[in-house]
Amino acid sequence: MRTCLIALLCPLALCATGARAEVKEAGADHLLLQDHLDVRTPPDQLYATVVDIGHWWNGAHTYSGDATHLSLQPEAGGCFCERWGGYSVAHGRVIWAAPGHVLRLEAPLGPLQSMAVEAVMTFTFKPSAQGTALEFEYRVNGSSASGLDKLAAGVDAVLSEQLQRLQRYAETGTAPPARP
C-alpha cells in the first residue's frame with residue numbers, strides 16, 4: 001500500500017501551491033483553516049462538483065495514488081471513501097448534506113486519522129454575482145500532545161491545493177495535472 005497521503009503533513013507539501021487557506025488558529029490541541037473562493041458556477045452545480053471528488057482531488061494525496069478510487073456519498077452517514085485492490089479507507093463521513101447549501105464531513109484526513117483527533121470539514125455554498133461564494137472551513141481538535149500547531153502549515157498547503165483544483169474543475173471541466 002502506498003503511503004502518499006503521509007505527504008499531507010510533509011514539509012514539502014508547503015510547496016504545493018502559492019495560495020493558502022488562512023490558518024486562523026493553531027495551537028497544540030487545535031487548528032482552524034478557512035478559505036473563500038468565488039467560483040464561476042451556480043451553487044447546485046458546484047455542490048455536485050464537490051461530490052464528484054475523484055475528478056478533482058489530487059491522487060498524490062490518496063493512499064492508492066489514484067483519485068479515481070475516491071467516492072463521496074452526499075447523504076448523512078455517507079462515506080468519503082477510497083477503494084482499490086481489496087483495500088479501503090474511510091477518509092470521512094458526511095454529517096450534513098444540504099445540496100447547493102452545505103456539505104459537512106467528519107474527516108480526520110491522512111495521518112490525522114491515527115492521531116485520534118476530531119476533524120470537521122465544511123463547504124458552504126452561497127449564490128454570488130460570479131456564481132458561488134464558497135466558504136471552506138477545516139477544524140481539528142485533539143489533546144495538547146497532538147502538536148497540531150506544527151502540522152497546520154502542511155495541512156493548509158494540501159487543502160489549499162485541493163480547493164484550487166476544485167475551482168478549476170468546476171469552471172473548466174478539467175483539473176490540473178496531479179503533482180506529487
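Does the range 69-78 contain any residue that is farther than 16 Å from F123 by Cα and either in contact (Cβ under 8 Å) with a residue 24 or more places away in the chain or among the acidic types (D, E) (or both)? Within the range 69-78, none of the residues are farther than 16 Å from F123 by Cα and either in contact (Cβ under 8 Å) with a residue 24 or more places away in the chain or among the acidic types (D, E) (or both). Of the listed requirements (1) surrounded by fewer than 22 Cβ atoms within 10 Å (Cβ to Cβ); (2) of a type outside the set (S, T, N, Q); (3) under 18 Å from the mean Cα position of the chain (by Cα); (4) in a helix (DSSP H, G or I), A145 misses just one: (3). Which one of these does D156 not meet: (1) within 23 Å of D66 (Cα to Cα); (2) modelled with pLDDT under 95? Answer for D156: the failing condition is (2). Among the conditions (1) touching a Gly at 6+ places or on another chain (Cβ under 9 Å); (2) closer than 21 Å to H36 by Cβ; (3) surrounded by fewer than 17 Cβ atoms within 10 Å (Cβ to Cβ), the only one that T68 does not satisfy is (2). Inspection of the range 164-171 finds a residue satisfying the criterion of being surrounded by 15 or more Cβ atoms within 10 Å (Cβ to Cβ) and either of a type in the set (F, W, Y) or without any contact (Cβ under 8 Å) to a residue 60 or more places away in the chain (or both). When R93, R40 are checked against the criterion of being among the charged types (D, E, K, R), under 19 Å from A119 (Cα atoms), surrounded by fewer than 19 Cβ atoms within 10 Å (Cβ to Cβ) and at pLDDT 95 or above, R93 stands alone in meeting it.
Suppose the filter is in contact (Cβ under 8 Å) with a residue 60 or more places away in the chain and either part of a strand (DSSP E or B) or touching a strand residue (DSSP E or B) at 6+ places or on another chain (Cβ under 6 Å) (or both); does R93 pass it? No; evaluated as a whole, the condition is false for this residue. Selection over the range 96-119 of residues that are assigned to a strand (DSSP E or B) and either buried (at least 18 other Cβ atoms within 10 Å of the Cβ) or of a type in the set (F, W, Y) (or both) gives a count of 6. For P177, the conditions (1) over 17 Å from L46 (Cα atoms); (2) modelled with pLDDT of 95 or more are fulfilled apart from (2). Just one of the numbered conditions (1) under 28 Å from P42 (Cα atoms); (2) free of Cβ contacts under 8 Å to residues at least 60 places away in the same chain; (3) in contact with a Ser or Thr (Cβ under 8 Å, 6 or more places away or on another chain) is not true of V117: (1).
Scanning the range 33-59 for residues that are hydrophobic (A, V, I, L, M, F, W, C) and within 13 Å of the chain's Cα centre (by Cα), we see that the one that is nearest to A175 (Cα to Cα) is W56.
The values are calculated or read from the model by the stated rules, or taken from the named source; none is laboratory data. Just so we're clear, the structure is a prediction, and the values are computed from it rather than from any experiment. Glycine gets a Cβ as well: all are built from the backbone with ideal geometry, and neighbour counts include every protein chain shown.
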